[in-house]
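*Asks:* Below is the structure I would like to discuss, written out as structure tokens.
Rule-based calculations on the coordinates, nothing more; no lab input. Source: prediction; values computed, not measured. Cβ atoms come from the backbone with ideal geometry, glycine included; neighbour counts cover every protein chain shown.
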Amino acid sequence: MKRIHKKIRLLACIFGLAILIVSLGCNIYFAFFKQDNDSRSVGYIKEESYLQDTEQIYIMESGILKNTLDFRAGGDLPITYDFDNEEYPELIANYQIDTIAGEGTEFDRALKLMNEFAPRLTHESNYDNHIAMDALSLLAYSLDNKNHGINCRNKAQILNEMCLALGIYARKVWINPNSVYDNDCHVVNEVWDTSLEKWIMLDITNNQYWIDENGVPLSILEIREKGANQEFCTPVGAGDNLDHPKQLQRKHKNEFLYIMKNLVYMEYCKDNTVGESDTLYLLCPKNISTDYIYILSESACMASPVKE
């Protein structure tokens, strides 16, 4: 009887081992050799996994930017900056923005304003813009009130007026995607920094600015060009350590991809003042058709606003 039991156990072990070998062989076969009609592959990426990886999304977005990299000629249209509005003294007095901004370069001061007020403004993408589009009205409605969220367009208006009130050249810019089916755009600010002699983008909605591999802050067009050429750049948030910029890019990958998606064409406020300008200037790629009459040149977007 004992011999029979031993034979049964031996047969069971052999049978189990055979099943294990067959299972392992099937897995290897389907993983490396099987390509049926329901799971075709493109290169090395299965169709069902396409665009599930952030690197794949970036490849797509950078390709779109590369194909739309060159702009129409456009004109050197005037952009105005109002430093003497009658509402500025009240804005300064009510919110102590001069104290918050403190000393430093224009970028330093604007960044301190953004870092102070961005966390205190709740975001609401579907906000209907029912409050007057000026900083005093918007701050009275939304500051430190989680039930009164506002969108990126209104947050950018607040930061723009704060900078102008302190004598900082600041402008409000729409950044837009390529797809006619994508109605989601983003609104940011740029400030002119005299020490760097360039425009620098500030994104108050995400409370971020962008840098290159050397830690130099970037303008919208610099970010766009680096994205198109797959050169390094990354968002930087409040409190981020600049010693390891590649880690920052991984940390802020969602915001990175969102901004890259929205860098195909730009719209600049003609008049930067209290309230939103009625006229926008379009910076448009050559291969995108438009009948809009106010086409801005790339050189005008990059030029210093400081009058000699």
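*Asks:* Structure shown: which of 251/286; 146/251; 66/307; 146/198; 155/253; 246/286 lie over 28 Å apart, alpha-carbon to alpha-carbon?
*Replies:* Details: 251/286 34 Å; 146/251 26 Å; 66/307 34 Å; 146/198 35 Å; 155/253 22 Å; 246/286 32 Å.
Cα-Cα > 28 Å for 251/286; 66/307; 146/198; 246/286; rest within.
*Asks:* Continuing with this model, one more query. Based on the alpha-carbon gyration tensor of region 134-194 and its eigenvalue square roots a ≥ b ≥ c, which shape applies: rounded if a/c is under 1.5, prolate if not and a/b is larger than b/c, or oblate?
*Replies:* Numbers: a/c = 3.45, a/b = 1.15, b/c = 3.00.
Note, shape of region 134-194 comes out oblate.
*Asks:* Okay, next question. Over its Cα atoms, what ratio of radius of gyration to 2.2 N^0.38 Å does region 157-303 give?
*Replies:* On the way: Rg = 15.1 Å, N = 147, 2.2 N^0.38 = 14.7 Å.
Against the compact-globule rule of thumb, the ratio is 1.03.
*Asks:* Can you order the peptides 298-304, 288-294 by their average number of other Cβ atoms within 10 Å per residue, highest first? Before the final figure, lay out each step's value.
*Replies:* On the way: 298-304: 14.6, 288-294: 9.3.
Final packing ranking: 298-304, 288-294.
*Asks:* Evaluate E = 1/(1 + (r/R0)^6) for residue 279 and residue 54, where r is the Cβ-Cβ distance and R0 equals 35 Å; express this FRET efficiency to the nearest 0.05.
*Replies:* That pair, residue 279 with residue 54, gives E of 0.40.
*Asks:* Determine the gain in length on full extension of the stretch residue 242-residue 66; use 0.36 nm per residue of separation and subtract their C-alpha separation, reporting nm with one decimal.
*Replies:* Stretched fully, the residue 242-residue 66 segment lengthens by 60.6 nm.
*Asks:* Next question. To the nearest 0.05, how large is the calculated FRET efficiency for residue 145 and residue 73 if R₀ is 41 Å and r is the Cβ-Cβ distance?
*Replies:* In this case the efficiency is close to 0.35.
*Asks:* Among rounded, prolate and oblate, which fits region 70-209 when a ≥ b ≥ c are the square roots of the eigenvalues of its C-alpha gyration tensor, a/c under 1.5 means rounded, and a/b larger than b/c means prolate?
*Replies:* Note, shape of region 70-209 comes out oblate.
*Asks:* Calculate the spin-label point distance for residue 131 paired with residue 306, positioning each point 7 Å from the Cα along the beta-carbon direction, and give it in nanometres.
*Replies:* 3.4 nm
*Asks:* Quick check: Cα centre of region 245-308 to Cα centre of region 147-162, how many Å?
*Replies:* Distance between centres, Cα-based: 17 Å.
*Asks:* Given a Förster distance of 25 angstrom, what is the FRET efficiency for residue 298 paired with residue 96, based on the Cβ-Cβ distance and rounded to 0.05?
*Replies:* FRET efficiency, residue 298 to residue 96: 0.10.
*Asks:* Then there's this: Pull out the extension gain between residue 124 and residue 82, defined as 0.36 nm times the separation in residues minus the alpha carbon to alpha carbon distance; nm, one decimal. Display every interim value, and only then the final one.
*Replies:* Numbers: separation 42, 0.36 × 42 = 15.12 nm, distance 2.83 nm.
That works out to 12.3 nm of additional length.
*Asks:* So if each residue of separation counts as 0.36 nm, and I subtract the Cα-Cα distance between residue 180 and residue 108, what length gain in nm does that give?
*Replies:* Full-extension gain reported as 22.2 nm.
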